[in-house]
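Reviewing the structure listed below.
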Amino acid sequence: MVLGVTVISVGVTPAAVREPAPESAQPQPRQAERLVILGDSTAVGLGDPLPDRGGWRGVGPLVAHALGVDETGYLNPSFTGARMACVRSDQLPLALAHKPDVALVVVGMNDTLRPDFDPDQIATDLTAIVRELTAVGTTVLPVRFHDHSKVFRLPPSLKRALSARVAELNEAIDRVVETEGIACLNLDTLPGAYDLTVWSVDRLHPSELGHRLLAQGFADLAAAAGYAIPEPLSLTCSGGVEPSAAGHFGWLVAKGVPWLWRRGREFLPYAAVIMWRSFRERVG
């Protein structure tokens, strides 16, 4: 006996195939329109002279070129001998009026050579600089310093004293950078920072190559912050002047030695304390 079997066909609706979600679009780098550099003689550009006694170029104009910032958007109120307090009181108001997209802050070494060196006050001043600029929409990029005694020849006791001062300065800068959550150019780890070719004859200011290294470091930080770099920096020196031997000697006699004499007298009392502590550690 054969039974009739009814076969019921059940239609199965295939699951909807999801299209892969498009990769989130990467934000396009933004164009910086305004740049300011604040600080001391390195910010001025000393060590990178222009032809025909046209003054100094240095790190600021090099970064401006890399960012595509034209002359009307570039401001440099820095001056030789400036300390952190000078930047806050004299240079910051000009920078705020300029409303820069990016601000480079290169200052602190003059503080290390003064008898009234105060790392806590330096941190307070730098904090004010960073916060006031950040409040107007500026990306602030300060530096922390290399051990200058490694390129500037000094007797061992003075070398220890200067290294200790720079370490205190960097600790103050580090506190501000961490608290404010900003990027910072670390000159101690900058490739080539201790090569003598990146320093001018005085060993106090970068050479043209040194300024280009600084500028490249700043440009990298600006790129990481989302800014376009339409003109990547080259480390090939061009457009400046290679100082002659006579120029080196003239600078040392007219500027270098008097500067060292003034700052050395101010720094010696602190150095004497370091020497005394070292002596006591050895004998006791």
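The values are calculated or read from the model by the stated rules, or taken from the named source; none is laboratory data. The structure presented is a predicted model; accordingly, all values stated were derived computationally and were not measured. Don't worry about glycine lacking a Cβ; one is built from the backbone with ideal geometry, like all the others, and counts go over all protein chains shown. We work out accessible area using only protein heavy atoms, side chains counted, and drop any ligands, DNA or RNA first. Shrake-Rupley method; radii C 1.70, N 1.55, O 1.52, S 1.80 Å.
Laid out as a table, the results:
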item	result
From phi via Karplus (6.51, -1.76, 1.60), per-residue ³J(HN,Hα) for the stretch 36-47 in Hz, x at Gly/Pro	10, 10, 10, x, 10, 5, 5, 5, 4, x, 3, x
Mean-position separation - Cα centroids, the stretch 159-213 and the stretch 64-80, in angstrom	21
Order of exposure, largest accessible area first, which applies to L235, L185 with probe 1.4 Å	L235, L185
Prolate/oblate/rounded call for the stretch 141-209, Cα gyration tensor, a/c under 1.5 rounded	oblate
Hz values of 3J(HN,Hα) by residue in the stretch 224-231 - Karplus curve (6.51, -1.76, 1.60), Gly and Pro given as x	5, 7, x, 9, 6, 10, x, 10
Share of carbon and sulfur in the accessible heavy-atom surface of the stretch 177-233 [1.4 Å probe, %]	54
Shape category assigned to the stretch 32-152 from the gyration tensor of Cα positions, a/c cut at 1.5	oblate
Cut-off under 5 Å, modelled amide H: who pairs with E33 long-range	D101
Residue-normalised accessible area of the stretch 140-212, expressed per residue, 1.4 Å probe, Å²	42
Heavy atoms of S207 accessible to a 1.4 Å probe, total area in Å² rounded to 10	20
Segment D188-R53, length gained on full extension (0.36 nm per residue, minus Cα span)	45.4 nm
Largest to smallest accessible area among L35, L96 [probe 1.4 Å]	L96, L35
Accessible carbon and sulfur surface of the stretch 27-122 relative to its total accessible area, %, 1.4 Å	51
Projected label distance in nm at I229 and K99, using a 7 Å step from Cα toward the beta-carbon	2.8
Highest average packing first - 194-202, 42-50, 119-127, Cβ atoms within 10 Å	42-50, 119-127, 194-202
Mean Cβ neighbour count within 10 Å, used as a protection proxy, ranking 55-66, 81-92 highest first	55-66, 81-92
